[in-house]
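Each remark here refers to the structure printed beneath this line.
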Amino acid sequence: MSTTAVRALNDKTDAATTSVAPATQVPPKPPFVKGLAGIVAVQTGISSVDGPTSTLLYRGINIHELADRAQYEEVAYLLLYGHLPNEKELGDFRFRLIANRWLPAPTYDLLRRLPHDTVPMEMLRTGVSLLSFYDPEIEDISPESTQRKAIRLIAQLPVLCAAYHRIRSGLEPIAANPRLSHAANTLYMLTGEEPDPDFVAALNAYFVLLADHGMNASTFTARVVASTQADLHSSITAALAALKGPLHGGANEATMLTLLEIDNIDRVDSWVDEAFAHKRIIMGFGHRIYKNMDPRARHLNFWAERLGRKVNQPKYYEMSLKLALSILRHRELYPNVDFYSASMLYYLGIPIDLFTPMFAASRVAGWSAHVIEQYKDNALIRPQSEYIGPQELHYTALSERS
Ligand SMILES: CC(C)(COP(=O)(O)OP(=O)(O)OC[C@H]1O[C@@H](n2cnc3c(N)ncnc32)[C@H](O)[C@@H]1OP(=O)(O)O)[C@@H](O)C(=O)NCCC(=O)NCCS
């Protein structure tokens, strides 16, 4: 650009920024809402979360129907493609998931080099980011390519979790078993043993129940990244970072630590009284949308109770029930999805720091569906901020600052 053109552009910009528009033309700034509570940020056809009726629908289907009857593979397909698969579609989908249950060699190198006390959620965040280097379609954000990438990630997340856990335990990672379902293979790759059918059914129900949930923090994060037209792996890496926090996905781990801290059912009431006296936030309770019952909790309660009896260790389930009742003595606060998940995952033998990665292994289907939906009718997600800092301060030379 010539010097004259640059000068003309600068003059125009200065004129635009110094001219004052008539007051009537300035639209009112929307009110600030802390935590965006109650703000509708997105329109979606993926899942519906209704607080007053405690209802969760995936693509119009009530979660209660899916929790008891559906395989996670069907639910992942439903979220990604918008309808339940027929037999052939499900067969193809399963085949593609099974074919992608492996990691590129450099991923294993990374897992071996990580400090053995690396928090698994951080491993997963970095692992997914690393997988982007080896994905053949990374820059293609068409729906078809993003669906293919989503299938790869759904297949790879449990492999990352299992391989990392085995390596840090001094064991060799084991190859996936193509005969096993998604849930069964996840348990198999962690333990090296073909799992009990009840364990598989419980983990499958967990995966089904956690696969999507409206505009939660990690899904919103994924959509914000997708709205810049960044690729799926970038969106999922960011979503994993958001899921890690104890106010979101990390609550299942924090809940189990609470149960272990209380340790004895006779200590539950006094522990709760003390928590309220100190205004402590009790993990696994409360929800931004569900103020009565989280519809997912009922199914996880069922599985926690069943597995507790099965492994002959009902203590943590019984403590959970008592904790839920004990809290109601203080205020109306109900268990959320993470509460009964904690004892259920513990009974499955999943290490506590892998609870949130298991949540992620399920939610990756929902995140991916949201990324595809965002691309389809995209607008950059870019809200405003309300400036509440000082005005009219001035730059002072470094030597003059105290
Ligand atoms: C999920 C959560 C962040 C929702 O927050 P929120 O929508 O801002 O909750 P609200 O503001 O409606 O809470 C209302 C009141 O209940 C209290 N409350 C909410 N959850 C609580 C909990 N788990 N333990 C103790 N008090 C809680 C709040 O402190 C607030 O008290 P106040 O009225 O005296 O200020 C919150 O319930 C929480 O931190 N829960 C624990 C973490 C957790 O389990 N997260 C997983 C969610 S699926």
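Points to keep in mind about this one:
- Folded to 0 to 90 degrees: helix 315-328 orientation relative to the chain principal axis, Cα: 50
- Expected 222 nm ellipticity per residue - DSSP helices of 4 or more, -39500 (n - 2.57), all of the chain, to 500: -18000 deg cm²/dmol
- A DSSP coil position with no more than 12 other Cβ atoms inside 10 Å describes the following GluC sites (Glu not before Pro) in segment 293-387: E332, E386.
- Nearest 10 degrees, 0 to 90: helix 337-347 Cα axis against the chain principal axis: 40
- Stokes-Einstein diffusion coefficient of the chain, Kirkwood radius over Cα pairs, 10 °C, 1.306 mPa s, in µm²/s: 68
- Per residue, the convex hull volume that the Cα atoms of segment 313-402 enclose (Å³): 310
- Size-normalised alpha-carbon gyration radius of segment 175-302, reference 2.2 N^0.38 Å: 1.30
- What the pair-distance distribution of segment 251-347 shows, using all Cα-Cα distances binned every 10 Å from zero, is 18, 53, 27, 2 percent.
- Based on Cα atoms of segment 27-175, Rg over Rh with Rh as the Kirkwood radius reads 1.05.
- Distance from segment 334-402 to segment 281-329 (C-alpha centre basis), Å: 25
- The shape of segment 145-193 can be summarised by an equivalent ellipsoid whose semi-axes, obtained from the alpha carbon gyration tensor, come to 21, 13, 7 Å from longest to shortest.
- Note on the chain: GNM, Cα springs under 10 Å; of F220, F133, F207, the largest mean-square fluctuation is that of F133.
- For the chain, the longest principal axis of the alpha carbon atoms and the long axis of helix 143-168 meet at an angle near 60°.
- Highest-MSF residue in the chain out of Y387, Y347, Y290 [GNM, Cα springs under 10 Å]: Y387
- Segment 203-245 and segment 78-123 have their alpha-carbon centroids 15 Å apart.
- With 24 Å as the limit, the listed pairs K149/K244; K29/K376; K291/K315; K34/K244; K279/K315 have K29/K376; K291/K315; K279/K315 beyond it between alpha carbons.
- Exposed-site-free run, longest, the chain (rule: trypsin sites (Lys or Arg not before Pro); DSSP loop; at most 14 other C-beta within 10 Å): 1-178
- Selected from I141, I372, I281 as most flexible by GNM, with the chain as the system and alpha-carbon contacts under 10 Å: I281
Values quoted throughout were computed directly from the atomic coordinates according to the rules given, and no laboratory measurement underlies them. Keep in mind it's a predicted model, so treat the numbers as computed, not measured. Positions of Cβ are generated from backbone atoms using ideal geometry, with glycine treated the same way; all protein chains shown enter the neighbour counts.
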